[in-house]
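Reading through the structure tokens given below for one structure.
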Amino acid sequence: MNVDNRPTSVALLAALAVLGAGSMALAQPPSSLSGTWQFETTMTLSASEGPPCAYEGTANVLHSDSTLSGTAAMTLLSGPPACPPNGTASLSGQVDGAAVTIQLDGGGLGVALLQGQHAGGEEFAGTMAMESGPIDADGTWAASLGAVGISIPTVGVIGGVAMVLLLGSASLVVLRARSMA
């Protein structure tokens, strides 16, 4: 019996291409970080000041060489009265490969230092600490370029292997059905 293995080969090559594309997407940050970024941050206050402050906002960023500049506006989502209110800040920072350091200067609200890494696609995430201002806090942040809620998933190694196995199994089922017909 002569069985044509081309469909299986094509399926395996397609799965490997998707696996490779997913791995490459995680490795390279966008070439330009200019644009409107959507961000979320959670700041943990010192024990005497209460539960975390949660914010969301936008940052309009200009990226030139390795320098970032712009403005940010944030909205308090939840937290105790000790949380700084909604506000705006000037933004400055540096990009070094997949790493980013950002300083937000909110005037009377204080200065926050954000450090982070490329998290895949057009997303960055990291830690933050208030360097000056009315509260003593640190926390985490995450940001994505463009509209909130739009995310293109990437396939990790385990997902890629599962996809290869699934596509290979499906191809074998199709081949067996053809050979029986």
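Bear in mind these aren't lab numbers, they're just calculated from the coordinates by the rules spelled out. In this text the structure is predicted, and so the values were computed from the model without any measurement. Here the Cβ positions follow ideal geometry from the backbone for every residue, glycine too, while neighbour counts run over all protein chains shown.
Can you sort LEU77, LEU109 from fewest to most other Cβ atoms within 10 Å of each residue's own Cβ? Present the calculation step by step, with values, prior to reporting the outcome.
Details: LEU77 15, LEU109 20.
The order, fewest Cβ neighbours first, is LEU77, LEU109.
Between THR140 and SER64, what FRET efficiency comes out of the Förster formula 1/(1 + (r/R0)^6) with R0 = 35 Å and r the beta carbon distance, rounded to 0.05? Before the final figure, lay out the partial values.
Details: r = 27 Å, r/R0 = 0.78.
In this case the efficiency is close to 0.80.
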Subject >> For region 35-145, the fraction of alpha-carbon pairs in successive 10 Å shells from zero, as % >> reply: 16, 52, 27, 5, 0
